[in-house]
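The values are calculated or read from the model by the stated rules, or taken from the named source; none is laboratory data. Nothing here was measured: the structure is a model prediction, and the numbers come from that model. Neighbour counts are summed over all protein chains in view; Cβ atoms, including those assigned to glycine, are modelled from backbone coordinates with ideal geometry.
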Amino acid sequence: MKQDIFQAISDPTRRAILTLIAIQALTPKAMAEKFDMTRQAVSKHIKVLQECELIKPQQSGREIYYHFNAKKMQEFDHWLAQFRQNWDTQFKQLDELLSTISEQTGK
């Protein structure tokens with residue numbers, strides 16, 4: 001069953017893993033060393049991220065290195081962009097309202 005990207009990034013450990021491998025591809029063992037958890041626990045997080053296509057495995061000899069899939073994250077960013085414009089407009093309107101109120105009260 002394919003995991004939902006929102007479920008995947010809702011977990012702080014998975015977000016931390018994404019941050020780590022965005023900088024450098026890592027093996028599960030190398031990732032586990034960065035966290036206070038077993039390699040098996042890290043592997044479960046890796047599985048969720050891989051099912052969402054946020055990370056991609058690459059075999060190198062006997063090791064598997066996981067790479068950040070920026071293209072998939074870009075799809076997510078495009079989805080968020082439709083809301084970002086709305087948020088920016090609302091924040092601008094709020095700033096203008098607060099500025100008007102501040103001017104009227106003399107503060």
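Can we say Gln7 is surrounded by fewer than 14 Cβ atoms within 10 Å (Cβ to Cβ) and not charged (D, E, K, R)? Break it down stepwise before answering.
On the way: surrounded by fewer than 14 Cβ atoms within 10 Å (Cβ to Cβ): yes; not charged (D, E, K, R): yes.
Spelling it out, Gln7 is indeed surrounded by fewer than 14 Cβ atoms within 10 Å (Cβ to Cβ) and not charged (D, E, K, R).
Just checking, which of Lys47, Lys72 is touching a residue at least 40 places away in the same chain (Cβ under 8 Å) and charged (D, E, K, R)?
Lys72
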Of the residues in the range 82-107, those that are small (Gly, Ala, Ser) and surrounded by 10 or more Cβ atoms within 10 Å (Cβ to Cβ) come to Ser99, Ser102
Of the candidates Lys29, Lys56, Lys47, the one satisfying the condition of being farther than 18 Å from Asn69 by Cβ and over 11 Å from the mean Cα position of the chain (by Cα) is Lys29
Looking at (1) modelled with pLDDT under 95; (2) exposed (fewer than 13 other Cβ atoms within 10 Å of the Cβ), find the lone condition where Gln58 falls short.
(1)
Of the candidates Arg39, Arg84, the one satisfying the condition of being closer than 21 Å to Thr13 by Cα and among the basic types (Lys, Arg) is Arg39
